[in-house]
Amino acid sequence: MYKLGITGGIGSGKSTASDFFKEYNALIFNADKEAKKHLKKTSILQNKIIDAFGENVVENNKLSLKKLAEVAFSSKLEQEILNGLMWPEVFILVDKAMESAKKEKVKLFVLDAAMIFEGNFNHMLDRTLLISTRKNIRLTRALKRKNLHLEQIQNRMSLQMPESKKKEMSDYVIENNSSKENFNKKLLQFYNTLSI
């Protein structure tokens, strides 16, 4: 089973790339979505997060994911505290998903995660693909989703590892600054280089 990691900043096109690989029967593990799902059903983890951040993340005596996001993305330190609690859990989730994919004879396993390098997930993978997109395009795309304000998006961008450093660490980089058609062509070229 070939294990590919797709990373990139907010609005870069990671999900679009994952959807492309889904067409080629890849099993996609979206780290962000799976982490949220896991957090919602794991009360021990919720309590650890409430202990770490206090009442700022609580609403109606329960952990509020909206409030948690506001606090966690307010500074580097807050983000590191949350990552310290979440990453070991996500690591186990990824590992289990890989094991079950292997049993199901999946040929291509894709880990879609913004923080592959920050969380050291690259060591679990055969190859890493960075989707690199100009900042102004990323901002426009992220705003179109209408789930975050401009200030929140800019804040999240500033907390992510610099693109230049990600480029150095990635095995392969695809620029996604023009049409979806062009992006898909580049993804297909890349897919053809994988030894699956």
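Coordinate-derived values only; no laboratory data. Keep in mind that this is a model prediction, so the values were computed, not measured. Glycine gets a Cβ as well: all are built from the backbone with ideal geometry, and neighbour counts include every protein chain shown.
The angle separating the long axis of helix 150-159 from the principal Cα axis of greatest extent in the chain is about 80 degrees. Rounded to the nearest 20, the size of the Cβ-charge dipole of the chain about its Cα centre is 600 debye, with Lys and Arg at +1 and Asp and Glu at -1. Dipole magnitude for the stretch 34-80: computed about the Cα centre from +1 point charges on Lys and Arg Cβ and -1 point charges on Asp and Glu Cβ, it is near 280 debye.
Counting other C-beta atoms within 10 Å, and keeping those with at most 11, which DSSP coil trypsin sites (Lys or Arg not before Pro) do you find in the stretch 72-122? Sites meeting the loop and neighbour criteria: 105. With a simple spin-label model that places each label point 7 Å from the Cα along the Cα-to-Cβ direction, the separation between residue 167 and residue 33 comes to 3.0 nm. Positive end of the dipole of the chain (Cβ unit charges, origin at the Cα centre): among 43, 188, 149, the Cα lying farthest that way belongs to 188. By the rule of a C-alpha distance below 18 Å, with chain neighbours fewer than 8 residues away ignored, the lysines paired with residue 62 are 36, 37, 40, 41, 48.
To check you understand DSSP bridge types, tell me what percent of the beta bridges within the chain (both residues inside) are antiparallel, rounded to 5. Mind showing how you got there, number by number?
On the way: 2 of 19 bridges.
The antiparallel proportion sits near 10 percent.
Measuring against 25 Å, Cα to Cα, the residue pairs 22/76; 107/185; 14/102 contain 22/76 as the ones spanning a longer distance. Taking the C-alpha atoms only, the angle from helix 31-41 to the longest principal axis of the chain is near 30 degrees. Electrostatic bookkeeping for residue 38 treats Lys and Arg as +1 and Asp and Glu as -1; over the other residues with beta carbon under 15 Å from its beta carbon, the sum is +3.
D by Stokes-Einstein for the chain, Kirkwood Rh over Cα pairs, 10 °C, 1.306 mPa s: 90 µm²/s.
One chain, two ends: residue 147 and residue 62. Fully extended at 0.36 nm per residue, the span grows by 28.4 nm beyond their Cα-Cα distance. The residue among 63, 2, 21 whose Cα reaches farthest toward the positive pole of the charge dipole of the stretch 1-68, with charges on the beta-carbon of Lys, Arg, Asp and Glu, is 63. Among the GluC sites (Glu not before Pro) within the stretch 17-102, those in coil by DSSP and having at most 12 neighbouring Cβ atoms inside 10 Å are 23. Of the GluC sites (Glu not before Pro) in the stretch 100-196, which ones lie in a loop per DSSP and count no more than 13 other C-beta atoms within 10 Å? Passing both the DSSP loop test and the Cβ count: 104.
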